[in-house]
1. Return, ordered by residue number, the residues of segment 31-64 whose backbone nitrogen is under 15 Å from a label point located 7 Å along Cα→Cβ of R280.
2. In segment 208-330, with Lys and Arg counted as +1 and Asp and Glu as -1 at Cβ, which of these residues, Y289, M262, V325, has the Cα nearest the positive end of the dipole, that is, farthest along it?
3. Can you bin segment 42-138 into rounded, prolate or oblate? Criterion: square roots of the alpha carbon gyration tensor eigenvalues sorted a ≥ b ≥ c, rounded for a/c under 1.5, prolate for a/b above b/c, oblate for the rest.
4. Express in nm, to one decimal, how much length is gained between S124 and R363 on full extension, taking 0.36 nm for each residue of separation and deducting their alpha carbon distance.
5. Once neighbouring chains are kept in place and the probe is 1.4 Å, which whole percent of the accessible area of the chain is contributed by carbon and sulfur?
6. Relative to the present Cα-Cα distance, how much length would full extension add between E13 and L69 at 0.36 nm per residue of separation?
7. Report the dimensions of the chain along its three principal axes from the alpha-carbon atoms, largest first, rounded to Å.
8. Could you give the accessible area per residue of the chain, probe 1.4 Å, as a whole number in Å²?
Amino acid sequence: MRLSRYFMPILKENPKEAEIVSHRLMLRAGMIRQQSQGIYSWLPLGKRVLDKVNRIIREEQDRSGAIELLMPTLQSAELWQESGRYDDYGKEMLRIKDRQERPLLYGPTNEEMITDIFRSYIKSYKNLPLNLYHIQLKFRDEIRPRFGTMRSREFLMKDAYSFDLTQQDAIHSYNKMFVAYLRTFARLGLRAIPMRADTGPIGGNHSHEFIILAETGESEVFSHKDFVNFEIPSEDTNFDDVAGLQAIFDKWTSVYAATSEMHDAAAFDAIPESDRLSARGIEVGHIFYFGTKYSEPMGAKVQGPDGKEHPVHMGSYGIGPTRLVPAIIEASHDENGIIWPASVAPFDVVVINMKPGDETCDRLSENLYAGLGKAGKDVLYDDTDDRAGTKFATADLIGVPVQVIIGPRSAANGEVEVKDRKTGAREVMTLEAAMNRLAG
Ligand code: P5A
């Protein structure tokens with residue numbers, strides 16, 4: 001992408017409305033724009049990051065055996081009357097009427113709709129287990145939308161829903177998602193701690209929130225320090241291994257970790273003081289097992305091996321991609337801007353041409369831009385006439401992991417400078433050496 005032809009509206013000043021660093025940096029880097037309170041557009045740079053986050057979420061959902069579909073944002077009120085949640089959900093639910101005065105709502109979550117899909121097609125235990133997910137916008141009319149896309153009214157959610165014949169099978173489905181979540185957050189460069197959690201309006205009695213520690217987090221959390229040393233399940237994890245997954249779950253839930261709603265002060269105080277962690281955190285995921293809460297009233301039943309009909313045992317599993325983007329920034333930035341983990345960086349490399357119009361600088365820059373592009377890299381080519389200082393500041397602000405600086409003096413020797421955004425380390429090398437290193 002040539003910067004001169006891209007749309008990346010960088011702000012020079014710090015926006016006054018932004019209280020936390022991720023919100024400030026997302027606005028300054030031209031990643032998002034607020035359209036109404038708690039409702040955002042994702043501008044091209046932000047959209048690139050969001051897409052990469054979603055890709056990792058998808059890969060890990062698919063690996064665990066979940067299957068993607070797409071449900072609509074608008075739902076009929078009737079479905080929610082069947083489960084009994086239409087009246088319970090309160091003011092957070094945005095209620096709409098169509099031209100025939102039929103009540104609709106902008107979905108805050110999809111338990112009812114997926115249960116409706118399930119009951120329409122699945123009649124036998126032989127089609128289980130089943131886990132269906134989608135990545136779709138949700139709307140919750142939050143009292144206090146704030147911190148940009150961290151807590152917005154319209155937001156993206158990956159929500160998965162599992163269906164099983166028995167509670168025992170449903171716990172295995174729960175464990176699959178638990179492991180998929182550990183892997184997903186690790187690939188996003190985050191260390192998320194699963195914590196026992198309150199189930200709120202979703203319901204059920206078995207639930208974990210995945211929390212990343214950050215001073216600006218909205219949740220108060222209490223945990224044992226040991227989490228930092230736990231091993232992330234590998235890519236070859238066998239998701240059909242019931243005992244194996246249970247062992248991973250048991251390990252990760254063996255030490256104390258709870259949000260303030262579920263906090264047990266006595267259990268926490270029993271931990272040696274030096275091992276106690278009392279901090280703030282951001283909830284990036286939340287998983288639930290709620291048995292037959294929806295299947296029973298909505299008649300989602302399957303025939304079991306005994307020939308009788310049984311309401312299915314269900315769970316639901318949420319991740320917030322539009323919250324994850326600022327959460328990653330909270331965890332990884334410095335005074336100059338964002339530092340993206342390579343896995344979600346909007347571009348892999350930024351090529352900074354210090355003197356567009358200079359024949360040698362142009363030739364080296366174009367060669368590198370084309371060569372890395374051919375090697376499948378996402379490259380941003382700063383071919384603008386901006387001053388050097390502006391170019392460096394922009395590159396640091398948008399946090400691309402590697403910068404290649406091409407100035408007239410070194411270019412005359414066929415050399416370029418490669419800078420690591422995270423460490424600040426710089427190295428001068430030939431264009432070929434840079435190409436070999438970065439194309440790999
Ligand atoms: C689980 C999937 C649910 O809604 N039903 C379907 C269950 N869970 S949840 O905890 O309420 O939300 C899941 C995740 O969505 C993100 N999230 C938000 N992100 C941005 N702004 C919001 N206002 C918001 N509300 C929820 C969180 O990551 C949460 O863990």
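The values are calculated or read from the model by the stated rules, or taken from the named source; none is laboratory data. In this text, all values refer to a predicted model and were calculated from it rather than measured experimentally. When we count neighbours, we look across all protein chains shown, and the Cβ atoms used for this are built from the backbone with ideal geometry, even at glycine. Areas reflect the complete protein model, heavy atoms only, side chains present, ligands, DNA and RNA absent. Shrake-Rupley method; radii C 1.70, N 1.55, O 1.52, S 1.80 Å.
1. Nothing falls inside the zone, counting backbone N under 15 Å.
2. The Cα lying farthest towards the positive end belongs to Y289.
3. Oblate, because a/c is 1.5 or more while a/b does not exceed b/c.
4. Extra length from S124 to R363 when fully extended: 79.5 nm.
5. Of the solvent-accessible surface of the chain, carbon and sulfur hold 47 percent.
6. Residue separation times 0.36 nm, minus the Cα-Cα distance, leaves 16.0 nm.
7. 81, 61, 42
8. 45
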